[in-house]
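**Student:** Following this message is one structure expressed as structure tokens.
The values are calculated or read from the model by the stated rules, or taken from the named source; none is laboratory data. Treat the numbers as computed from the prediction; the structure is a model and nothing was measured. Reconstructed Cβ throughout: ideal geometry from the backbone, glycine too, with neighbour counts over all protein chains shown. Accessible surface is based on the protein model in full, side chains and every heavy atom, while ligands, DNA and RNA are left aside. Shrake-Rupley method; radii C 1.70, N 1.55, O 1.52, S 1.80 Å.
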Amino acid sequence: MFKYVNRPVKRVDALAKVTGKALYAEDISFPGMLYGAVLRAEHPHAKILKINTAKAKRIKGVRAVITADDIPGSKLVGVVKLDQPVFAWERVRYIGDGIAAVAAEDMDTARKALSAIEVDYEVLPGVFDPEEALKDDAPKVHEDGNVIVYHKVRKGDVEKGFKEADLVIEREYKTQFIEHSYIEPEAVVARPVDYGGIEIWGCIQNAFTTQKNVARVLGLDMAKVRIIQTPLGGSFGGKDDVMTVMAARAALLALKTGRPVKLVNTREESMRESYKRHPYVLRYKLGLKRDGTIVALQAYMAADGGAYASTTPFVTWRSTVQAAGPYRVPHVKVDTYGVYTNNPYTGAMRGFGSPQANFAIESLMDEAANELGMDPIEFRLKNGLRDGDETATGQKLTRHRVSLHEVIEKVRDAINWEELRKNPGGDGKIRRGVGIACSFRGASLGAEGVDIAGVEVKIDSDASVSIEAGLTEMGQGIKTVLAQVVAEELGVPIERVTLHPYDTSRVPDSGPTVASRATIVGGGAAQAACWKLREVILGALQEEDGAERAWFEDGVYRTEKNKYSFEEAVGIAIRRGKGLNAVGWFRTPDIHWDEEKGIGSPYFTYVYGAQAAYVEVDTETGKVRVLRVAAAHEVGRAINPAMARGQIYGGVAMALGYGLLEEFEVSEGIPLVKNFDDYSIPSSLDVPEVIPIIVENPDPDGPFGAKSLGEPTNELLAPAIANAIFHATGKRLRELPMNLEMVLLGRKLRRKRK
Amino acid sequence: MKKLTVNFTVNGERVRLRVPANRTLLDILREDLGLTGTKRGCDTGECGACTVLMNGRSVNSCLVLAGEVEGAEIITVEGLGGEEALHPLQEAFLEEDAVQCGFCIPGMLMSAKYLLDRNPDPSEEEIREAISGNLCRCTGYIPIIRAIKRAALKLKERK
Amino acid sequence: MSLPPIDYERPKCLHDAFSLLEEMGIPMAGGTDVIIQLRESYLKGDFSPRLVVDLKDLDELSGIEDQGEHILIGAITRLSDLIENELLVHYAPSIAEAASRMGSIQIRNKGTIGGNICNAAPCADSIPPLLIHDAVLILASKGETREVDLENFLRGPGKTDRRKGEILIGVKVKKRDEGGEFFIKLARRDALNKARMNFAAWLNLRDGKISEARFAAGAIAPHPIRVREVEELLLGEEPSEALFIRAGRIVRDKMLEITGRRWSTPYKSPVVENLTARVLSEAARRAR
């Protein structure tokens, strides 16, 4: 039995948040601080002929006006590819590009200075659709062509598979731009420090990525760039590249003026500049036997990467390797393109390439079941992966329990599937229906890159414990998870465990907090650190007692002679001159992906999820109301079941927005959305009852058996709703969002630029 | 632009300030008074992160001009309760795991207080309605709704 | 802070208010639109100073008063004060209902009925219900007070017949002792959302036939409109689905006639028909 792990321990960071004491980035100020503002592009694609900052510089109270010319180091930043300018020079590629920045004594002056900067443009033809951008004669967004990345999967012989099939169906699906909609807009404060470097406070999701890029821009050693992460007021993958650019600008201004500089985006600036979730076009071809067996699957995807690569290479890779869903398919062919356009750029967002692919594959599975006259669940259970099966990329699932059937069955029962399929309720104009979607999802980074994390645990002489971790708390609860793991593994009361802010100068680089990996790699690293400390403490006890053997059991330190509490044991270790800090490292098991051949084992383990939606459709207005959702997620082990349920509620709500409400509309590169008045995220009146079901099949490789949860919760509801709408109305919707127009007309209406 | 002198109370304390008239109550709280618990999310009354009570009513402080504050009684999250003496709402938010990133929470708490001040025994529907002007992107609202229900019970028990 | 330079005045009497408005002052009731508009123009680079005249201390503009056949709603009555007002709930429930569906609680705690009228958004939720109550506006300026039918006051998006220096004092609505009324708001989301369309209808029945009718709709034209063609169609008829479907077609045609085809027409056309029929049949049901 565990004392802290697998229990609904209260969040360690919540007290400061309910009392208003938590200091978010915009809450931080320093004496002598200046206010910065950024001038952004006026066209989605244009040559910059001239930038004149002379007038702006003359305005009283303006302390610096900078452009790309003021950058001492690299003018470009990027997570994968260095292609995004801190300030555009020569050319702007999207409407959010920064051209210049100002630092002034107050915000009003900074804004006035911005409007005094003159920029001459020569407008260039732009390209605003990924498939247009793939054509030879399309305008080039970057010199080296519009293809950011190409990925494939090849297994078996798909042509042979289609020949063997009794039935082949081909469908096209489309998804939209959406905005992360973290409630806290981006903010940083940069200040020059006396070691010849810069300190940056900000709501930066991946501080080490930012540190590396800012150092490059400033031409400084990484060691001279210190990033201190403030609590993130939401991120969902969204406070990465955009924060790097903002941090770099603030740092440049601070070094130029020798004073602290605060940069804060208004909501309008945030929406204009920040990256979005990728819109996809997905074309699927599915070969089936009459009895419902899937024999072949072919998929083509084009993802709109917008103006910069950002994480597009990785996002599209996940879509590619998960394109066939959690099904046994002998013949598979997938081709995916990530493409530059002059639209807002796209990058990481909770789900990371899976919400798009899942909308397609899970709609398609329903369409297939319908063609065959099968129940959608029966069809899924028939084709779904089981223990020992091979995935669409040729990976044999042998090291963990394949939990697909379990989550589907749990959801089926919770939503009352059999009954609702037969008698969904509703009357003439108001129809009701129920639908399901399921998925498997590779945990952590997979073959994207080195998957390693380090956590330092330090015991002070009063037996209090501190944790230094480079893993980001953005609401998901990693701080609490780490405190639970450490309290469990050291036998220290959790009240005596403190987590310090994520500060790049003090914590080991643990890679980005993405891919729902923090609990696995952070938990694993914290565990490893605790194990090291335990060895040291037990060694001291052995010496103290002259014992043969010392061990840790049920939170107590033991020798064959004595029992010690954590505090007593620590007292002895300190008296005996033992160093009580340790860094633990965790590395995920090795995997192999052959990008050339398009086959391999992309992830070391997978999680399984299923969600069912019971919906009501007003056939006279197209308004859809989700009445109830059941969501079952296999997580390995839930370190904190309360927080795990919280992830389900939040992920479901966000996915409801993706399915029904949200689109960041862009017309010819110009966003039509400026603020939350025309971008509707779900409110408390839109979110239905949610039945959360946590399925625990501990994984041999995760800490305490834990795997992932944050993203899987957000990748299923849109297709479940589409399938429920089909059940309710007989209308198949293949494009998101399923808003009023889409549901009523079955097609999208596009508003035009005013 | 003339400056204004405004007299009002914040969390029971009297305040006298001289400020430019184009400041909003949100600016005054955050920048002039250092009460950064009240959050800025959209500046247009769409997100509810800056919700405070003004003369007992919930308002978006981003949509209150400095001059309007004259004579008003303002309550912010800092006035709800500190660490030593948490308000039942704050306790309930902790107990129900209603906080994730936390950015919407100060505003959410003030909307919840406004509800419970008028309606000590709200139904789930009434709670949903009461916080429908406060956007949250993390929690799906469900734990928040539960927390408000729990707080209502706590308040009843204390009476 | 992102507002232009402001001089703020809060006059204590109408006379002072008139003088301030003559100096190019911007009248502000609740401010939930005015402040947003000021900010928008500032963010577009208009840093010119403004004079904001806050009307909130003008007692003449506040309160809800029973005037026999009419109810007078003061212009600066906050939307949240309309929702549970007994007079309105009894004699003009669609106005109370519309108020409860506007913005958010925070917005309704500050926003006013007069502000909603003068802001004249095509989708303003308060206006269709006011129109079916034959609303008359009372406008005052230095030396003159006049009454204008709300229907004639609205001119287009953000445009009204309010003259320079004029203040909206209140809006007079006709009590409905008989019949039934209903309000429908269609929005993408149920909270914090502009209406995609809104409808209000009041029907009175005599001997099973429609003896009086009012119908108004918002967001289908540059300003909310009363559709007299529908009212004429209904008079003397027995309420029936077929009748209300015909009414829906009239509203649709009216919309097309006024706005022509737009990006949203393929959606709005059928929905205007459907919701017209729905609001009328619910009003008829309530009239019985």
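**Student:** Tell me the strands (runs of 3 or more DSSP E) entirely within segment A:25-66 that contain at least 2 residues that are open to solvent by 20 Å² or more (accessible area, probe 1.4 Å). Steps first, please.
**Tutor:** Working: elements: A:34-40, A:46-52, A:62-66.
Answer list for segment A:25-66: A:34-40, A:46-52.
**Student:** Counting just the residues of segment B:52-67 that are open to solvent by less than 10 Å² (accessible area, probe 1.4 Å) and of a type in the set (S, T, N, Q), which one comes out farthest from the other protein chains (Cβ to nearest Cβ)? Before you say what the answer is, go through the steps one by one.
**Tutor:** Step one: list which residues in segment B:52-67 are open to solvent by less than 10 Å² (accessible area, probe 1.4 Å), which gives B:52-53, B:58-67.
Those left that are additionally of a type in the set (S, T, N, Q): B:58, B:60-61.
On the way: B:SER58: 5, B:ASN60: 5, B:SER61: 9 Å.
Per the stated criteria, the residue is B:SER61.
**Student:** So, one more: Would you call C:LEU275 within 14 Å of chain A (Cβ to nearest Cβ) and of a type in the set (A, V, I, L, M)? Reasoning before the result, please.
**Tutor:** On the way: within 14 Å of chain A (Cβ to nearest Cβ): yes; of a type in the set (A, V, I, L, M): yes.
Taking the combined requirement at face value, the residue satisfies it.
**Student:** Based on this model, can you work out whether B:LEU35 counts as open to solvent by less than 30 Å² (accessible area, probe 1.4 Å), within 11 Å of chain A (Cβ to nearest Cβ), free of Cβ contacts under 8 Å to residues at least 60 places away in the same chain and not basic (Lys, Arg)?
**Tutor:** Working: open to solvent by less than 30 Å² (accessible area, probe 1.4 Å): no; within 11 Å of chain A (Cβ to nearest Cβ): yes; free of Cβ contacts under 8 Å to residues at least 60 places away in the same chain: yes; not basic (Lys, Arg): yes.
In short, no.
**Student:** Answer yes or no as to whether A:ALA655 is away from every other protein chain (no Cβ under 11 Å), among the small types (Gly, Ala, Ser), in contact (Cβ under 8 Å) with a residue 40 or more places away in the chain and closer than 30 Å to A:GLY325 by Cα. Walk me through it before giving the result.
**Tutor:** Values: away from every other protein chain (no Cβ under 11 Å): no; among the small types (Gly, Ala, Ser): yes; in contact (Cβ under 8 Å) with a residue 40 or more places away in the chain: yes; closer than 30 Å to A:GLY325 by Cα: yes.
In short, no.
**Student:** When you scan segment A:28-57, how many residues do you find that are closer than 30 Å to A:LYS479 by Cα and free of Cβ contacts under 8 Å to residues at least 12 places away in the same chain?
**Tutor:** Applying the first criterion (closer than 30 Å to A:LYS479 by Cα) to segment A:28-57 yields A:28-30.
Imposing the further condition that a residue be free of Cβ contacts under 8 Å to residues at least 12 places away in the same chain reduces the set to none.
Qualifying residue count for the region: 0.
**Student:** Would you check if B:ALA130 is more than 26 Å from A:GLN476 (Cβ to Cβ), small (Gly, Ala, Ser) and either crowded, with 18+ Cβ neighbours inside 10 Å or outside the structural domain of B:THR38 (by TED's automatic domain parsing) (or both)? Can you show your working first?
**Tutor:** Working: more than 26 Å from A:GLN476 (Cβ to Cβ): yes; small (Gly, Ala, Ser): yes; either crowded, with 18+ Cβ neighbours inside 10 Å or outside the structural domain of B:THR38 (by TED's automatic domain parsing) (or both): yes.
Criteria met by B:ALA130.
**Student:** Moving on. Kindly indicate whether A:VAL629 is in contact with a strand residue (DSSP E or B) (Cβ under 8 Å, 6 or more places away or on another chain), more than 14 Å from chain B (Cβ to nearest Cβ) and closer than 27 Å to A:LEU381 by Cβ. Break it down stepwise before answering.
**Tutor:** Numbers: in contact with a strand residue (DSSP E or B) (Cβ under 8 Å, 6 or more places away or on another chain): yes; more than 14 Å from chain B (Cβ to nearest Cβ): no; closer than 27 Å to A:LEU381 by Cβ: yes.
No; evaluated as a whole, the condition is false for this residue.
**Student:** Residue under question is A:MET271, and the condition is that it be away from chain B (no Cβ under 11 Å), buried (at least 24 other Cβ atoms within 10 Å of the Cβ) and within 19 Å of A:SER181 (Cα to Cα); does it hold?
**Tutor:** Values: away from chain B (no Cβ under 11 Å): no; buried (at least 24 other Cβ atoms within 10 Å of the Cβ): yes; within 19 Å of A:SER181 (Cα to Cα): yes.
Spelling it out, it is not the case that A:MET271 is away from chain B (no Cβ under 11 Å), buried (at least 24 other Cβ atoms within 10 Å of the Cβ) and within 19 Å of A:SER181 (Cα to Cα).
**Student:** When segment C:270-283 is examined, which residues are found to be surrounded by 19 or more Cβ atoms within 10 Å (Cβ to Cβ) and either on the phi > 0 side of the Ramachandran plot or free of Cβ contacts under 8 Å to residues at least 60 places away in the same chain (or both)?
**Tutor:** C:GLU273, C:ASN274, C:ALA277, C:SER281
**Student:** Yes or no: segment A:645-661 includes at least one residue that is crowded, with 24+ Cβ neighbours inside 10 Å, part of a strand (DSSP E or B), in contact with a helix residue (DSSP H, G or I) (Cβ under 6 Å, 6 or more places away or on another chain) and not aromatic (Phe, Trp, Tyr).
**Tutor:** no
**Student:** Just one of the numbered conditions (1) more than 22 Å from the chain's Cα centre (by Cα); (2) closer than 21 Å to B:TYR141 by Cα; (3) open to solvent by 20 Å² or more (accessible area, probe 1.4 Å) is not true of A:PRO692; which one?
**Tutor:** Failed condition: (1).
**Student:** Please specify each residue of segment A:441-483 satisfying the condition of being within 14 Å of another protein chain (Cβ to nearest Cβ), of a type in the set (A, V, I, L, M, F, W, C) and closer than 30 Å to A:ALA392 by Cβ. Walk me through it before giving the result.
**Tutor:** Going residue by residue through segment A:441-483, those that are within 14 Å of another protein chain (Cβ to nearest Cβ) are A:472-481.
Cutting the leftovers down to of a type in the set (A, V, I, L, M, F, W, C) gives us A:474, A:478, A:481.
Selection gives nothing.
**Student:** Which condition breaks for A:ALA720 when tested against (1) at the interface with chain B (Cβ under 9 Å from one of its Cβ atoms); (2) touching a strand residue (DSSP E or B) at 6+ places or on another chain (Cβ under 9 Å); (3) over 17 Å from A:SER403 (Cβ atoms); (4) outside any strand (DSSP E or B)?
**Tutor:** Status for A:ALA720: all satisfied but (1).
**Student:** Taking the criterion of being under 21 Å from A:ARG734 (Cβ atoms), of a type in the set (Ser, Thr, Tyr) and part of a helix (DSSP H, G or I), would at least one residue in segment A:362-376 satisfy it?
**Tutor:** yes
**Student:** Here is a follow-up. Output the qualifying pairs, or none if there are none: Cβ atoms under 8 angstrom, residues six or more apart or on different chains, first residue in segment C:196-212 and free of Cβ contacts under 8 Å to residues at least 60 places away in the same chain, second residue part of a strand (DSSP E or B).
**Tutor:** Close Cβ pairs satisfying both conditions: C:SER211/C:ASN204; C:SER211/C:LEU205; C:GLU212/C:TRP202; C:GLU212/C:LEU203; C:GLU212/C:ASN204.
**Student:** If only one of A:PRO260, A:PRO330 is within 30 Å of A:GLU367 (Cβ to Cβ) and either open to solvent by 10 Å² or more (accessible area, probe 1.4 Å) or without any contact (Cβ under 8 Å) to a residue 12 or more places away in the chain (or both), which one is it?
**Tutor:** The match here is A:PRO330.
**Student:** Right, next: Would you mind listing the helices (runs of 4 or more DSSP H) fully within segment B:47-159 where at least 3 residues are closer than 30 Å to A:GLN229 by Cβ? Walk me through it before giving the result.
**Tutor:** On the way: elements: B:88-95, B:105-118, B:124-130, B:142-158.
Helices (runs of 4 or more DSSP H) meeting the threshold: B:88-95, B:105-118, B:142-158.
**Student:** Residue pairs, Cβ under 6 Å, 6 or more apart or interchain, first in segment C:100-112 and over 19 Å from C:ASN198 (Cα atoms), second among the polar types (S, T, N, Q) and surrounded by fewer than 24 Cβ atoms within 10 Å (Cβ to Cβ). List them.
**Tutor:** These pairs meet every condition: C:ASN109/C:SER80.
**Student:** Then there is this: Within segment C:1-59, take every residue that is assigned to a helix (DSSP H, G or I) and among the β-branched types (Val, Ile, Thr) and give me the one that is farthest from the other protein chains (Cβ to nearest Cβ).
**Tutor:** Taking segment C:1-59 as the starting set, the residues that turn out to be assigned to a helix (DSSP H, G or I) are C:14-22, C:34-43, C:59.
Subset that is among the β-branched types (Val, Ile, Thr): C:34-36.
Working: C:VAL34: 9, C:ILE35: 5, C:ILE36: 5 Å.
It comes out as C:VAL34.
**Student:** Can you say whether B:GLU70 is farther than 24 Å from B:ARG30 by Cβ, surrounded by fewer than 18 Cβ atoms within 10 Å (Cβ to Cβ) and within 12 Å of chain C (Cβ to nearest Cβ), as far as the supplied structure shows? Let's see the steps before the verdict.
**Tutor:** Values: farther than 24 Å from B:ARG30 by Cβ: no; surrounded by fewer than 18 Cβ atoms within 10 Å (Cβ to Cβ): yes; within 12 Å of chain C (Cβ to nearest Cβ): yes.
Spelling it out, it is not the case that B:GLU70 is farther than 24 Å from B:ARG30 by Cβ, surrounded by fewer than 18 Cβ atoms within 10 Å (Cβ to Cβ) and within 12 Å of chain C (Cβ to nearest Cβ).
**Student:** Pull out all pairs, ordered by first then second residue, where Cβ-Cβ is under 6 Å, the residues are six or more apart or on different chains, the first lies in segment A:616-638 and is outside the structural domain of A:ILE436 (by TED's automatic domain parsing), and the second is in a strand (DSSP E or B) and at pLDDT 95 or above.
**Tutor:** Matching pairs, first to second residue: none at all.
**Student:** Of everything in segment A:96-126 that's open to solvent by less than 10 Å² (accessible area, probe 1.4 Å) and in contact with a helix residue (DSSP H, G or I) (Cβ under 6 Å, 6 or more places away or on another chain), which residue is nearest to the other protein chains (Cβ to nearest Cβ)? Can you show your working first?
**Tutor:** So in segment A:96-126, the residues open to solvent by less than 10 Å² (accessible area, probe 1.4 Å) come out as A:96-104, A:110, A:113.
From what's left, in contact with a helix residue (DSSP H, G or I) (Cβ under 6 Å, 6 or more places away or on another chain): A:96, A:101-104, A:113.
Working: A:GLY96: 15, A:ALA101: 17, A:VAL102: 14, A:ALA103: 17, A:ALA104: 13, A:ALA113: 11 Å.
Only one residue tops the list, namely A:ALA113.
**Student:** Residues in segment A:727-754 that are open to solvent by 50 Å² or more (accessible area, probe 1.4 Å) and assigned to a helix (DSSP H, G or I): how many?
**Tutor:** Matching residues across segment A:727-754 total 1.
**Student:** Additional query: When B:GLU96 is evaluated against the numbered criteria (1) within 8 Å of another protein chain (Cβ to nearest Cβ); (2) more than 12 Å from the chain's Cα centre (by Cα); (3) open to solvent by 20 Å² or more (accessible area, probe 1.4 Å); (4) at pLDDT 95 or above, which criterion, by number, is the only one it fails?
**Tutor:** Against the list (1) within 8 Å of another protein chain (Cβ to nearest Cβ); (2) more than 12 Å from the chain's Cα centre (by Cα); (3) open to solvent by 20 Å² or more (accessible area, probe 1.4 Å); (4) at pLDDT 95 or above, B:GLU96 comes up short only on (1).
**Student:** On to the next question. So A:VAL188 fits all but one of (1) under 17 Å from A:GLY258 (Cα atoms); (2) open to solvent by 10 Å² or more (accessible area, probe 1.4 Å); what number is the exception?
**Tutor:** (2)
**Student:** Checking the conditions here, which among A:ILE467, A:ILE408 is open to solvent by less than 10 Å² (accessible area, probe 1.4 Å) and assigned to a strand (DSSP E or B)? Can you show your working first?
**Tutor:** Working: A:ILE408 fails: assigned to a strand (DSSP E or B).
So the residue among A:ILE467, A:ILE408 that is open to solvent by less than 10 Å² (accessible area, probe 1.4 Å) and assigned to a strand (DSSP E or B) is A:ILE467.
**Student:** So how many residues does segment A:421-444 have that are part of a loop (DSSP other than H, G, I, E, B) and either among the aliphatic types (A, V, I, L, M) or within 36 Å of the chain's Cα centre (by Cα) (or both)? Steps first, please.
**Tutor:** In the first step, residues of segment A:421-444 are kept if they are part of a loop (DSSP other than H, G, I, E, B); the result is A:423-425, A:428-429, A:443-444.
Those still in the list that are either among the aliphatic types (A, V, I, L, M) or within 36 Å of the chain's Cα centre (by Cα) (or both) too: A:424, A:443-444.
Total satisfying the criteria: 3.
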